[in-house]
2 protein chains.
Amino acid sequence: MPNKLDKSFILVALDIHLDHMKTILVLGAGRSATSLITYLLGHASDGWKVRIGDYSLESAREKCPPQSSGEAFQFDIHNESQREQEIARAGIVISMLPARFHPLVATLCVQHSVNLVTASYVSDEMRALDADARKKGVTLLNECGLDPGIDHMSAMKVIDKIRHAGSQLIGFETFTGGLLAPDADQENPWEYKFTWNPRNVVLAGQGIVKFIQEEKSKYIPYHRLFRRTEQVHIPGYGYFEGYANRDSLKYLDVYGLRDIKTMYRGTFRRPGFCRAWNIFVQLGATDDTYEMEAVGDMTHRDFINSFLSYNPSDSVELKLAHYMGVDLDGPEMYRLKWAGMFDDTKIGLDNGTPAQLLEHILKKKWTLKEEDKDMIVMWHKFIYLENGVQKEINSTLIAVGDDSRSTAMSKTVGLPAGIAARLIMEGKIDQPGVQIPIKKEIYDPILQELAELGFNMTEQQVN
Amino acid sequence: MPNKLDKSFILVALDIHLDHMKTILVLGAGRSATSLITYLLGHASDGWKVRIGDYSLESAREKCPPQSSGEAFQFDIHNESQREQEIARAGIVISMLPARFHPLVATLCVQHSVNLVTASYVSDEMRALDADARKKGVTLLNECGLDPGIDHMSAMKVIDKIRHAGSQLIGFETFTGGLLAPDADQENPWEYKFTWNPRNVVLAGQGIVKFIQEEKSKYIPYHRLFRRTEQVHIPGYGYFEGYANRDSLKYLDVYGLRDIKTMYRGTFRRPGFCRAWNIFVQLGATDDTYEMEAVGDMTHRDFINSFLSYNPSDSVELKLAHYMGVDLDGPEMYRLKWAGMFDDTKIGLDNGTPAQLLEHILKKKWTLKEEDKDMIVMWHKFIYLENGVQKEINSTLIAVGDDSRSTAMSKTVGLPAGIAARLIMEGKIDQPGVQIPIKKEIYDPILQELAELGFNMTEQQVN
């Protein structure tokens with residue numbers, strides 16, 4: 001039997017332990033973490049403590065109103081002792097840091113038996129931690145945002161249903177797009193602004209795209225990608241155009257679809273976007289491999305002209321329209337003009353690659369205004385054989401943001417991670433190892449809470 | 001005074017020394033070395049010994065008739081003691097090995113005070129040997145073939161002349177092409193076959209192309225390169241089309257042309273070639289970055305189809321023509337058809353990148369037949385101000401091969417190297433250090449002998 005001293009010691013230790021168990025550590029408090037943190041703080045009544053660390057203390061504080069249960073602090077991932085100390089005393093970590101830091105965080109999580117949630121793709125280094133994580137009973141749940149994240153969960157839900165019914169899935173297409181809501185910024189002909197990392201938007205699609213169509217491997221080089229779009233109509237929301245993502249084939253194994261005949265993953269834009277974007281691709285304006293000359297003095301117009309032939313008596317507009325084979329008064333030129341590409345305005349950078357300069361120019365018009373609302377559109381198409389008869393199910397998610405701060409993007413990326421973290425803390429998800437949300441035990445409770453929060457996929461039997 | 005024994009010793013040593021001085025060591029006896037070796041053996045009466053080393057003893061022997069003064073031997077650049085021994089006992093080395101081995105050869109040349117000639121670009125490792133080579137009085141002459149080589153020499157000759165006359169060069173364009181002679185293989189609509197490394201032909205132009213035009217930096221991405229051609233007419237030979245080489249700007253410093261307004265280096269093809277080649281580029285068929293799937297069973301037609309959309313009821317021809325916006329009976333389709341691109345013939349490789357498969361398919365039709373004659377066309381355009389008046393000089397080299405063995409390519413690549421080696425051995429070129437043939441002391445005697453052999457540039461004052 002313990003004596004009095006022993007007992008009080010045990011109680012203190014238990015207290016520390018409980019405190020540790022109840023701390024959610026959020027690393028990275030950038031724009032994309034806004035809704036995640038709001039969600040976590042909203043559940044403070046559950047008795048958790050939320051610690052929010054960002055390299056910018058201001059960023060962390062901004063997300064964390066003074067009357068809330070959150071604690072903001074300056075966090076530097078390169079500070080070895082800080083990162084170990086913070087992770088060791090957390091109950092669970094949600095890392096919204098740049099993806100390259102995740103293996104570092106995950107290694108410490110395994111060491112200190114702390115669970116981890118991220119919204120990023122599983123890297124090879126992350127995958128290598130699987131055995132150790134299982135041994136320690138630690139869950140490292142990745143790809144738990146929007147895309148990847150909700151796409152996995154909502155697709156696997158239907159795929160599992162089709163399998164469970166004894167039917168055979170033969171085709172799967174999936175598209176996600178972060179766009180502007182229909183009533184936002186009506187004069188913007190692109191119907192698009194940056195709602196996610198602008199650099200990734202500018203570089204999107206570089207490399208080779210592979211997919212399979214009716215069992216045939218198909219390849220699209222980057223410079224043709226934006227002219228090989230698919231048209232999709234979503235009742236009530238109109239037409240979208242989708243271009244292929246590079247990595248459709250790797251999902252065959254992830255989803256257990258090795259026998260499927262058609263597999264296509266793509267990105268949605270509003271019709272006309274891709275043909276206009278293709279002009280940047282064709283010019284070489286999205287190239288990130290070399291630094292341009294004399295950038296300090298360069299105007300938007302000079303930038304475009306540097307990719308065109310030398311003919312001082314011809315206008316940049318005419319040279320471009322002719323080179324690209326588009327009408328001077330056509331929709332592509334209209335979009336470029338609206339984006340200010342022909343303006344005699346200095347770019348405002350001293351040096352940069354074409355992609356960096358293009359990003360900088362586009363940010364001038366493609367940054368959300370305070371009141372702008374964004375929209376997330378996700379759409380799956382499942383083709384399957386039910387007793388030999390071909391059937392189709394479509395599954396659609398539409399989410400609209402409140403304003404430029406509380407965006408649909410930030411909600412759909414952050415909420416799945418936040419919900420997952422809560423469910424893991426509460427023991428409702430208990431799947432040690434390196435995971436992505438493709439198991440029923442993981443996706444079911446997350447999708448259920450997402451639906452309660454208003455983010456649900458509408459499934460429709462098309463035929 | 002030396003006694004008898006000493007004297008005979010000295011004579012033997014002198015003999016060995018003279019023998020060493022008179023040995024030309026040719027490393028690499030591939031196709032491109034044919035004319036070089038023939039030239040060197042033709043000068044055997046000068047008392048030289050020519051040693052010809054190749055990894056394939058057969059290749060070396062083939063180049064070296066039994067009654068000639070040449071010695072063929074098996075040479076392995078990876079054999080450390082052999083390479084040191086051979087280089088140490090040579091009077092001069094001509095390396096026709098793959099360019100990556102040149103720094104290794106050059107380092108040994110400097111160590112053993114042996115001169116070196118190559119037809120390859122100066123690498124950074126080569127450049128780093130300059131000080132040591134000068135200290136030892138060793139000449140390392142590079143870029144002494146056709147392109148680079150004759151292009152440098154013939155351009156610098158005119159540039160020096162213009163400067164010497166007190167005029168100012170304001171524009172320089174230069175093109176070289178390895179083509180088919182007009183009377184070769186009349187039915188070949190490409191008017192082209194491989195006369196140089198096929199892999200380099202397939203990959204030509206990848207990366208970004210930069211040049212300056214009227215003082216403006218201009219950029220062309222790879223996927224537009226073959227639609228941005230220049231047309232050049234050469235009296236007596238008709239029209240050629242040229243696409244830009246990637247590295248025009250680096251020649252500004254090499255040629256001392258920092259003040260020039262226009263500088264363009266390009267490659268010649270016969271008209272229509274580039275538009276047809278552009279189809280391969282647009283498809284992604286020249287991509288060398290990924291391995292294709294199921295190559296073993298792939299036909300030429302499957303290869304093309306893998307870059308096209310899936311529509312089993314449409315023909316590959318129609319899908320391609322539509323995708324590329326060309327006529328079904330147009331010149332591009334005719335060239336592709338002639339090349340067998342739509343044939344149901346197995347490619348004949350088990351795996352490969354698109355570029356590797358394309359090279360393999362094209363070799364079936366683009367390999368020189370025994371009697372095929374190739375043609376080298378080099379053309380320079382110099383624009384300069386003479387007393388404020390704009391003038392133009394064109395300079396043209398045309399060389400036609402004898403047959404598939406003694407090609408114009410092999411002559412124009414090999415002869416400058418052979419001539420340079422002879423002139424260095426004879427002390428007529430004495431320019432220690434890492435050199436390229438842009439100094440009058442180097443290019444003058446080489447160009448003079450090339451002219452005597454029938455390879456001379458025709459200079460023409462255009463206006």
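Work out Dmax and Rg for chain B from the C-alpha atoms and quote the Rg first, both in angstrom.
In Å, with Rg to one decimal and Dmax whole: 24.4, 98.
Return the sequence-ordered ³J(HN,Hα) values of segment A:68-83 in whole Hz as given by the Karplus equation 6.51 cos²θ - 1.76 cosθ + 1.60 applied to θ = phi - 60°, using x for Gly and Pro.
7, 8, x, 10, 8, 8, 7, 10, 10, 4, 7, 7, 4, 6, 5, 5
Which order do you get for B:TYR251, A:TYR323 if you rank them by accessible area with a 1.4 Å probe, largest at the top?
A:TYR323, B:TYR251
Going by the rotation axis that takes chain A to chain B, pick out the residue of A with the closest C-beta and quote the gap in whole Å.
Taking the axis that maps A onto B, the answer comes out as A:HIS223, 2.
Could you order the peptides B:360-368, B:66-74, B:25-33 from most to least packed, using the average number of other C-beta atoms within 10 Å per residue?
Peptide ranking by packing, descending: B:25-33, B:360-368, B:66-74.
Can you give me the orientation-averaged projected area of the convex hull built on the Cα atoms of segment A:265-324, in nm²?
Mean projected area for segment A:265-324: 5.7 nm², to one decimal.
Tell me the GluC sites (Glu not before Pro) within segment B:113-222 that lie in a loop according to DSSP and have at most 12 other beta-carbon atoms within 10 Å. Don't skip to the answer; put the middle values down first.
Working: sites: B:GLU125, B:GLU143, B:GLU173, B:GLU187, B:GLU191, B:GLU214, B:GLU215; in loops: B:GLU143, B:GLU187, B:GLU191, B:GLU214, B:GLU215.
When the GluC sites (Glu not before Pro) of segment B:113-222 are filtered for loop state and at most 12 Cβ neighbours within 10 Å, B:GLU187, B:GLU214, B:GLU215 remain.
Once R0 is set to 41 Å, what does the formula 1/(1 + (r/R0)^6) return for the Cβ-Cβ distance between A:GLN111 and B:ARG100, expressed as a FRET efficiency to the nearest 0.05?
0.35
Residues with beta-carbon under 13 Å from that of B:LYS364, excluding B:LYS364: net charge, scoring Lys, Arg +1 and Asp, Glu -1?
Computed value for this residue: +3.
Can you list, shortest first and in nm, the gaps between the label point of B:GLN74 and those of its counterparts in the other copies, using a point 7 Å from Cα in the C-beta direction?
List, nearest first: 7.0 nm.
If N is the number of residues in the protein assembly as shown, what value comes out of its Cα radius of gyration divided by 2.2 N^0.38 Å?
1.16
At the nearest 100 Å², what buried accessible area, both sides summed, do you get for B and A when the probe is 1.4 Å? Don't skip to the answer; put the middle values down first.
Details: alone 21510 and 21490 Å², together 40210 Å².
Counting protein atoms only, the buried area is about 2800 Å².
Which residues of segment A:213-247 end up with at least 20 Å² less accessible area in the presence of all protein chains than when their chain stands alone, using a 1.4 Å probe?
A:GLN213, A:GLU214, A:SER217, A:LYS218, A:TYR219, A:PRO221, A:HIS223, A:ARG224, A:ARG228
For the pairs A:LYS216/B:LYS319; A:LYS363/B:LYS210; B:LYS365/B:LYS411; A:LYS373/A:LYS428, flag any whose C-alpha to C-alpha distance is greater than 25 Å.
Going by Cα-Cα distance, A:LYS363/B:LYS210; A:LYS373/A:LYS428 fall outside the 25 Å limit.
Put a dot 7 Å past each Cα toward the Cβ at B:LYS363 and B:GLU230; how far apart are the dots in nm?
The modelled label-to-label distance comes out at 3.4 nm.
When only Cα pairs under 8 Å and 6 or more residues apart are kept, what is the percent relative contact order across segment A:179-279?
Here the relative contact order equals 29 percent.
What whole number of Å gives the distance from the Cα centroid of segment A:102-162 to the Cα centroid of segment B:113-164?
Rounded to whole Å, the Cα centres lie 57 Å apart.
Write down, largest first, the equivalent ellipsoid semi-axes of segment A:4-142 in whole Å, where each equals the square root of 5 times an eigenvalue of the alpha-carbon gyration tensor.
24, 22, 13
What are the nm distances, shortest first, from B:ALA88 to its equivalents in the other copies, labels at 7 Å along Cα→Cβ?
6.1
So if R0 is 30 Å, what FRET efficiency would A:ASP444 and A:VAL254 give, r being the distance between their Cβ atoms, rounded to the nearest 0.05? Please report the intermediate quantities before stating the final value.
Details: r = 18 Å, r/R0 = 0.60.
The pair A:ASP444/A:VAL254 has a calculated efficiency of 0.95.
GluC sites (Glu not before Pro) within segment A:276-325: which are DSSP loop residues with at most 16 other Cβ atoms inside 10 Å?
A:GLU291, A:GLU293
If I take every Cα pair under 8 Å that is 6 or more residues apart in segment A:4-142, average their sequence separation and divide by the length, what percent do I get for the relative contact order?
Contact order relative to length: 21 percent.
Given an 8 Å cut-off on Cα distances and at least 6 residues of separation, report the relative contact order of chain A as a percent.
The normalised contact order for chain A reaches 20 percent.
How much of the accessible area of segment B:410-463, probe 1.4 Å, is carbon plus sulfur, in whole percent?
Whole-percent figure for carbon plus sulfur exposure: 46.
Which percent, to the nearest 5, of DSSP beta bridges fully inside the protein assembly as shown are antiparallel? Intermediate values should be presented prior to the final figure.
Values: 90 of 154 bridges.
Bridges in the protein assembly as shown that DSSP calls antiparallel: roughly 60 percent.
Whose amide H sits under 5 Å from the amide H of B:GLU71, counting only residues 5 or more places off or on another chain, with H placed in the peptide plane?
B:VAL50, B:ARG51, B:ILE52
For segment B:194-211, list whatever residues lose no less than 10 Å² of accessible surface once every protein chain is in place, relative to that chain by itself, with the probe at 1.4 Å.
At a threshold of 10 Å² (probe 1.4 Å), the residues of segment B:194-211 that become less exposed are B:ILE208, B:LYS210.
Could you give the accessible area per residue of segment A:277-366, probe 1.4 Å, as a whole number in Å²? Walk me through the intermediate numbers first.
Details: 3800 Å² over 90 residues.
Heavy-atom accessible area per residue stands at 42 Å².
Can you pull the mean other chain C-beta count within 10 Å for peptide B:290-301?
Average neighbour count from other chains, rounded to a whole number: 1.
Give me D for segment A:68-129 in µm² s⁻¹, whole number, from Stokes-Einstein with Rh from the Kirkwood sum over alpha-carbon pairs, 10 °C and 1.306 mPa s.
The diffusion coefficient I find is 130 µm²/s.
In terms of the ratio Rg/(2.2 N^0.38 Å) built on C-alpha atoms, what value belongs to segment B:344-425?
Normalised by 2.2 N^0.38 Å, the Cα Rg of segment B:344-425 equals 1.74.
Shortest first and in nm to one decimal, what separations exist between A:GLY325 and its copies in the other chains, measuring from label points 7 Å along the Cα-to-beta-carbon line?
Ordered by distance, the counterparts are at 0.3 nm.
Between B:ASP343 and B:LEU385, with labels modelled 7 Å along Cα→Cβ, what's the label distance in nm to one decimal, could you check?
In this crude spin-label approximation the distance works out to 5.7 nm.
Across peptide A:310-321, how many C-beta atoms of other chains are within 10 Å of each residue C-beta, on average?
The shielding value for this peptide is 1.
Please list, by residue number, every one of the GluC sites (Glu not before Pro) in segment B:355-454 that is coil in DSSP and has at most 13 other beta-carbon atoms within 10 Å.
Sparse-neighbourhood loop GluC sites (Glu not before Pro): B:GLU370, B:GLU371, B:GLU426.
What is the percent carbon and sulfur in the accessible area of segment B:4-142, measuring with a 1.4 Å probe over the protein chains and ignoring ligands?
Numbers: 3840 of 7020 Å².
Using a 1.4 Å probe with all protein chains present, segment B:4-142 comes out at 55 percent carbon and sulfur.
The values are calculated or read from the model by the stated rules, or taken from the named source; none is laboratory data. Note that the coordinates shown come from a computational prediction; the quantities given were computed from them, not determined experimentally. Note: ideal-geometry Cβ built from the backbone for every residue, glycine included; neighbour counts use all protein chains shown. Just so you know, the surface numbers come from the protein's heavy atoms only, side chains and all, with ligands and any DNA or RNA stripped out. Shrake-Rupley method; radii C 1.70, N 1.55, O 1.52, S 1.80 Å.
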